[in-house]
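Only one structure is covered here, and it is reproduced in the block below.
The values are calculated or read from the model by the stated rules, or taken from the named source; none is laboratory data. Only a predicted model underlies this, so the values are computations on that prediction, with no experimental measurement involved. Cβ atoms come from the backbone with ideal geometry, glycine included; neighbour counts cover every protein chain shown. Just the protein is used for accessible areas: all its heavy atoms, side chains included, with ligands, DNA and RNA removed. Shrake-Rupley method; radii C 1.70, N 1.55, O 1.52, S 1.80 Å.
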Amino acid sequence: MLTKRLIACFDIIDGRVTKAVRFQDNIDVGPAEALAETMYDAQIDELIFYDITASSEKRGIDIETVKNVARRVFIPFTVGGGIKNLDEMYEALKAGAEKISVDSMAVRNPQIIADGAKAFGSQCVVLSTQVKRTDRMPSGYEVHIDGARLATGMDAIEWIKRGQELGAGEICLNSIDNDGALAGYDIELMKLAEAAVTVPLIASGGAGSPQHLHTLFSETEASAAIISSMLYSPRLERNFTVMEIKDFLMGNGICMRPPRI
């Protein structure tokens, strides 16, 4: 049985982690490198770092924060936000990232997926996409870009199929409707995705309790789940620890990665 992964997600603004609900009203959590070290010590499996204003501000990713985080953690570390070409991918990898996430730029220039896969290997390229429910699309989901601010008119499932064909080695699906709502993942979305592609899928948006993760892993083929609010959101009266979540999942039949020594 394949082990499932827990991934802490950082939405970064000016080197600091923020937390939003449905991509709005971001509140400050703290310095990215300090929270990264805390999550690493807590036995998180991977980190994903999104420079969430880079694309809308038409600038490159915050390389200094990438370097600061990479110095503190020794687990797979994915970065995204504002990466426009192979040179910028290389700079992020050189700064300590293991994988590159492409989102808005991939919609504008899908060739970046193929170029990145050819240059660095498919395992280094993660296609991240922000999707929202709508009756306008055949699948019922539409791709949004620029921090979920702009609807694209693209069907989400058709887009991830194309992303896989271009060479993406992993796909992260973030439900805008569920993001930060703490009511569980969009299981329907994940089932549509797993029927359409064969690369590993990451579910994002909605985790509020260990039971939500159990539902995801027991009802879908998701390989990994992004968690953020339930780990560190100051909006919650109580946060969960990584080991609390893993112990619950393992105690209920989900195979998780063992603790690092």
Problem set entry | Helical mean residue ellipticity (222 nm; -39500 (n - 2.57) per DSSP H run of 4+; nearest 500) of the chain | -9500 deg cm²/dmol
Seminar exercise, completed: Computed over segment 12-101, the Cα gyration tensor eigenvalues, each multiplied by 5 and square-rooted, give semi-axes in Å (largest first) of 19, 18, 10
Exercise. Taking H as built 1.01 Å from N, whose amide H comes closer than 5 Å to the amide H of Ser101, not counting residues under 5 places away?
Worked result: Val79, Gly80, Val126
For this session: Using DSSP to define loop residues, name the chymotrypsin sites (Phe, Trp or Tyr not before Pro) in segment 70-161 whose beta-carbon has at most 11 other beta-carbon atoms within 10 Å.
Result: Phe74
Problem set entry | segment 68-130-segment 140-204 distance, computed between alpha-carbon centres (Å) | 17 Å
Exercise. Looking only at trypsin sites (Lys or Arg not before Pro) in DSSP loops with at most 16 other Cβ atoms within 10 Å, what is the longest site-free stretch of the chain?
Worked result: 150-234
Exercise. Restricting to the chain, what percent of DSSP beta bridges are antiparallel, rounded to 5?
Worked result: 30 percent
Exercise. Taking 0.36 nm per intervening residue step and subtracting the Cα-Cα distance, what contour gain separates Tyr90 from Arg71 on full extension?
Worked result: 5.1 nm
Exercise. Where a Cα-Cα gap under 14 Å defines reach, which aspartates and glutamates qualify for Lys84, not counting those fewer than 8 residues away within the same chain?
Worked result: Asp51, Glu57, Asp62, Asp103, Asp115, Asp146
For this session: State the percentage of accessible surface on segment 33-184 attributable to carbon and sulfur atoms; use a 1.4 Å probe and exclude ligands, DNA and RNA.
Result: 48 percent
